[in-house]
Structures are given as C-alpha cells and as structure tokens.
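Visitor: Starting off with a structure, shown below.
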Amino acid sequence: GIQVEQSPPDLILQEGANSTLRCNFSDSVNNLQWFHQNPWGQLINLFYIPSGTKQNGRLSATTVATERYSLLYISSSQTTDSGVYFCAVLAGDYKLSFGAGTTVTVRA
Amino acid sequence: KAGVTQTPRYLIKTRGQQVTLSCSPISGHRSVSWYQQTPGQGLQFLFEYFSETQRNKGNFPGRFSGRQFSNSRSEMNVSTLELGDSALYLCASSLPGTGYEQYFGPGTRLTVT
C-alpha cells in the first residue's frame, strides 16, 4: 500500500513564529487532505489539496503531485494551533492512508 | 448542515463482550468509512461502504464487521473484545464526485477492561 511520511514528528514553536510541516507519499494519489486533531480527538478538515496551493487565514498548503509531497504552512502561530496535524492520501481504493502526524506545541 | 455524528461517545466494555458503534453521515453523503486510532498503530482504515455495499476492508480480523443501511447510516460491530481493541473509532463520510473529501465525526472512545 501507499506510504505516507510526515516530518518533523514534533515541533515546538514560540507564539508568533512561522513553521512548515511536510508530507511525502510513495505513489500517485487522487486526494490529499490535511487535518488538525483537536484535544477531544476529532479530526478537523484543514485542506483538501490533491495539487496546487490553497490558503485559509494563517494556514496555507501546497501539494506538488508530480514530486509526491505536500507542505502545510502555519504563519504567526498561536497557542490554539497546538495539536497533532495529519496528512492523509487516497489512492483510488476508497481509503485514506494517514501519516503518523506532527505534534505541534505553541508556547506563549 | 449537521456534521457527522457518532454514538456513543464513550464506552467501557469487558474482554469477551461485543460492541456496536453507530455513525450518521452528513446529509446527502452516501460513502461512510471507519478508522481505528491507537497510540501504537496510529490511524488505520477499517472499512468503507457506499450504497450499502462494502467496497474496501482493511487488515483487521473477522471480529470487526460493519454494515450500512439504506439511509446511509452505518454501524460497526466488534465481537469477542480484546484489550487491544481499546481505541478511538472514527467515522467519516464523503460525497461522491468531490474526490472523496472526507469529513470526520467526533469519534467513539472504546475502553476494554
């Protein structure tokens, strides 16, 4: 099956800092999503981005499908950005394959 | 539009028992998927249903089963519970034709003692 690798595994930021999370995948995909898992466990949709670039407030994402990677940018980080960020891909078999996640801690 | 709902939210069961979890998708969504999240294995795919048909199944033992009803609501069942089945079970729904962008419910946290 498709392999999804996220880096770094852990990220500690000072409030106001910018950061980049990376997701590499091993094969062509039909769908790529970024999620933020809240403290209660729910996965919150950030981006649906099989290719190209999207922005939503302080967050933006870029997927370069031909090179099999995606980047999630967090700008001017806030303590509420803390949590685990997951990248997940779908390769035509109706299932999302998840990376192991990046745990982000933003300190005030 | 209401989001994906899952019931119950928390559950404590004893080894050997069975459990049924329920998921109601977003209105109009006909695809429902289930995932298991554990600290050791991360997020793993269980199965996906569309129009009451299972289209894909993950690498889980036969104790894990599911079904989808004509109104797209779905249930999953785990029989003969083991301690290792303790996990967060997440349900997601998607709308065909949208690249299967998936929306997740709040999850059911199952503890097996």
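Visitor: Keeping to segment B:93-111, report how many residues are open to solvent by 30 Å² or more (accessible area, probe 1.4 Å), at the interface with chain A (Cβ under 7 Å from one of its Cβ atoms) and closer than 18 Å to B:PHE47 by Cβ.
Guide: Final tally of qualifying residues: 2.
Visitor: Please go through segment B:1-44 and pick out each residue that is assigned to a loop (DSSP other than H, G, I, E, B), touching a strand residue (DSSP E or B) at 6+ places or on another chain (Cβ under 7 Å), more than 13 Å from B:LEU110 (Cβ to Cβ) and open to solvent by less than 70 Å² (accessible area, probe 1.4 Å).
Guide: The answer is B:GLY3, B:VAL4, B:PRO25, B:ILE26, B:HIS29.
Visitor: What strands (runs of 3 or more DSSP E), lying completely within segment A:1-55, carry at least 3 residues that are among the small types (Gly, Ala, Ser), more than 17 Å from A:LYS95 (Cβ to Cβ) and open to solvent by 40 Å² or more (accessible area, probe 1.4 Å)?
Guide: none
Visitor: Please go through segment A:50-108 and give me each residue that is within 12 Å of chain B (Cβ to nearest Cβ) and of a type in the set (Phe, Trp, Tyr), ordered by number.
Guide: The answer is A:PHE86, A:TYR94, A:PHE98.
Visitor: Take segment B:45-75 and flag every residue that is at the interface with another protein chain (Cβ under 8 Å from one of its Cβ atoms) and either assigned to a loop (DSSP other than H, G, I, E, B) or surrounded by 16 or more Cβ atoms within 10 Å (Cβ to Cβ) (or both).
Guide: B:PHE45, B:GLU48, B:PHE50, B:GLY58
Visitor: Does any residue in segment A:68-82 that is in a helix (DSSP H, G or I) come within less than 6 Å, Cβ to Cβ, of a residue that is open to solvent by 40 Å² or more (accessible area, probe 1.4 Å) six or more places away or on a different chain, and which pairs are these?
Guide: Short answer, once both residue conditions are applied: A:THR79/A:ALA108.
Visitor: Could you pull out the residue among B:LEU21, B:LEU46, B:LEU11 that is hydrophobic (A, V, I, L, M, F, W, C), under 15 Å from the mean Cα position of the chain (by Cα) and over 27 Å from A:GLY99 (Cβ atoms)?
Guide: Of the residues listed, the single one that is hydrophobic (A, V, I, L, M, F, W, C), under 15 Å from the mean Cα position of the chain (by Cα) and over 27 Å from A:GLY99 (Cβ atoms) is B:LEU11.
Visitor: Identify, please: which residue in segment A:30-41 is under 15 Å from the mean Cα position of the chain (by Cα) and not aromatic (Phe, Trp, Tyr) and is, among those, nearest to the other protein chains (Cβ to nearest Cβ)? First the steps, then the outcome.
Guide: Step one: list which residues in segment A:30-41 are under 15 Å from the mean Cα position of the chain (by Cα), which gives A:31-38.
Going one step further and asking which of them are not aromatic (Phe, Trp, Tyr), we end up with A:31-33, A:36-38.
On the way: A:ASN31: 5, A:LEU32: 9, A:GLN33: 7, A:HIS36: 11, A:GLN37: 9, A:ASN38: 9 Å.
Here the residue is A:ASN31.
The values are calculated or read from the model by the stated rules, or taken from the named source; none is laboratory data. It should be emphasised that the depicted structure is a prediction, and the values quoted were computed from it without experimental measurement. Heads up, the Cβs are rebuilt from the backbone with ideal geometry, glycines too, and the neighbour counts pull from every protein chain shown. Quick note on the areas: whole protein, heavy atoms, side chains included, nothing else; ligands and nucleic acids left out. Shrake-Rupley method; radii C 1.70, N 1.55, O 1.52, S 1.80 Å.
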